[in-house]
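The values are calculated or read from the model by the stated rules, or taken from the named source; none is laboratory data. A quick note: this is a predicted structure, and the numbers were derived from the prediction, not measured. Cβ: placed from backbone, ideal geometry, glycine included. Neighbour counts: every protein chain shown. Only protein heavy atoms, including side chains, enter the accessible area calculation; ligands, DNA and RNA are left aside. Shrake-Rupley method; radii C 1.70, N 1.55, O 1.52, S 1.80 Å.
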Amino acid sequence: MNNLNFIKGIVDRNLETYIIDQFSERGLGPRVYETDYKVYRIEEFIPDLVMLSRENMFLEEVLDKMLQNFAIFNVIGDIKYFSDKVGSRSKSEFFKIMLEDTNKLNFLSFTVNKMKLSANNSLNEFKKNYVAKLAELNKEKDIINDCALKDRIEDFNRKLLTIEFYVENLEDIFYKCCPDQGIFVLSHNDAHLINIMHTKKMDKVILFDHEYSCYNFIGFDIANYIIENLFYLADDKYPFYKFHGEDLKSLLNQDFINSYKKFFSLIENKYYKNFKDYPEYETLIETAKSRDYLMRIMSLSSIMWSIFAVIYLDFESVWNKSAYDYFNYSFDRLSIYDKFLKFELKHETEVYKILFTPILKIR
Amino acid sequence: MDHELSTNEEYDFIKDKCLGVLNKVIGTNLKMNDIEFLFNRLDGISNKIYKVSVKSKNAQIVLDLFFKFFGKISSENFKLLKVYLYALI
């Protein structure tokens, strides 16, 4: 539970309210009637909305409105205030822009270092409880001859080692995935099925929950939306989410790439004026439309949300299967990069050689 | 969904704030005794969320609101129940 205090500390309610207001003014979301920015917020209740389903995510009438939502997110307010051209800055500076709290521009007031530290603390606590559980089980049961339990522990170990590896090497992997150039824009970052609702006629598609909004690479939201096609995060039974891991390789199919490119067509056709003051705009947009760039920001999405899940980890609920399984979610989210994109990006590097040295043995 | 409210203090706080919003939005000057409240609560991962229906006792004025406490953890239910409760209640 302590880790939730970390999350609490990163949400900028002023900016969140500003975003809700901006969408409301465009008839694309609820009004904020009142808030004190600290304790509560009262919003307009919008009746008769239904949650978006996986099947409907890429219907033209839904996709077009989602792309519109993403584009508005990118350009609301003064574009000079909410976006920055990265140009030739170093990758370490990218993260200053993306993750550090600078002049109220970001929700996420943490650096990649802070994120790693928090994930490390959470993971260490998780491992400590896991080791204690193993010791307890060893006393009670013959683990070696209990096939189901043995399999479960081996599966647990394998996943734990993978997650641990990524937390340990977070900065290197993040930098490695990061595009070399890009435009930073205010982004929602968390556009998954249960944060999106629509009217039954699909004439309105509303994007909710702006708590994780911050600067990010342009195109991140549509790339992340494509990834979210693999997940449903509110299943009613353990592990309380669904992951369509069998469809991993579909992420780069032509339909999804076309959806991604359609977003940039919208930016170029409708929001050109918001970007035209940047001399390198056209080059950077061209870069952002590339397959390589798409794979990189998909990788960032995979790793970022996996690490967030680590921060939320709670051993007892995972082991007892009593609540949302952030452990498996973290692993599954990671697998988008670890089992697919890293090969596409030719990232199968030396660092992986040290993986799978068992640190938690059954006996 | 039917949930108990956590505390009377919280209940009174929400009523007070929602009455203020009702009067501001509708342009009325109703008092606490003039209205009824219907609460539905779901807990999000880091927020306590209510749908609050405020109506005058003659039911001529009805306003549905969405009330969100920030950062309160009050449930062991870690399913990502956040603003999508719009659909659930």
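Just in the stretch A:122-182: which chymotrypsin sites (Phe, Trp or Tyr not before Pro) are loop by DSSP and have at most 12 other Cβ atoms within 10 Å?
Hits after loop and neighbour filter: nothing returned.
Using a 1.4 angstrom probe on the protein heavy atoms only, line up A:Met298, A:Met202 by accessible area, largest first. The partial results should precede the final answer.
Details: A:Met298 0, A:Met202 25 Å².
Ranked list, largest accessible area first: A:Met202, A:Met298.
Across the residues of A:44-54, average count of Cβ atoms on other protein chains within 10 Å?
On the way: counts 6, 10, 4, 2, 2, 3, 3, 4, 2, 0, 0.
Average neighbour count from other chains, rounded to a whole number: 3.
Could you state how much accessible area A:Ile257 has, in square angstrom rounded to the nearest 10, with a 1.4 Å probe and all protein chains kept in place?
Accessible area, nearest 10 Å²: 20 Å².
Select from the stretch A:225-263 those trypsin sites (Lys or Arg not before Pro) which occupy a DSSP coil region and have at most 11 other Cβ atoms within 10 Å, ordered by residue number.
Values: sites: A:Lys237, A:Lys242, A:Lys249, A:Lys261, A:Lys262; in loops: A:Lys237.
Listed in order of number, the matching sites are A:Lys237.
Rank these by accessible area, largest first, 1.4 Å probe: B:Asp12, A:Asp247, A:Asp255. Walk me through the numbers on the way to the answer.
Working: B:Asp12 80, A:Asp247 45, A:Asp255 110 Å².
In descending accessible area the options line up as A:Asp255, B:Asp12, A:Asp247.
What accessible area per residue comes out for the stretch A:49-351, rounded to a whole number of Å², with a 1.4 Å probe? Can you show the working numbers first?
Details: 11610 Å² over 303 residues.
In whole numbers, the stretch A:49-351 has 38 Å² accessible per residue.
In vacuum, with every alpha carbon of the stretch A:49-351 counted as one equal point scatterer, what does the Debye formula give for log10 I(q)/I(0) at q = 0.14, 0.16 Å⁻¹? Two decimals, please.
-1.08, -1.37
Quick check: at a probe of 1.4 Å, how many percent of the accessible area of the stretch A:49-351 sits on carbon and sulfur atoms?
Values: 5520 of 11610 Å².
Whole-percent figure for carbon plus sulfur exposure: 48.
Ignore the peptide's own chain and count Cβ atoms of other chains within 10 Å of each Cβ in A:194-203; give me the average, rounded. Walk me through the intermediate numbers first.
Values: counts 8, 4, 1, 4, 1, 0, 0, 0, 0, 0.
Whole-number average of other-chain Cβ neighbours for A:194-203 is 2.
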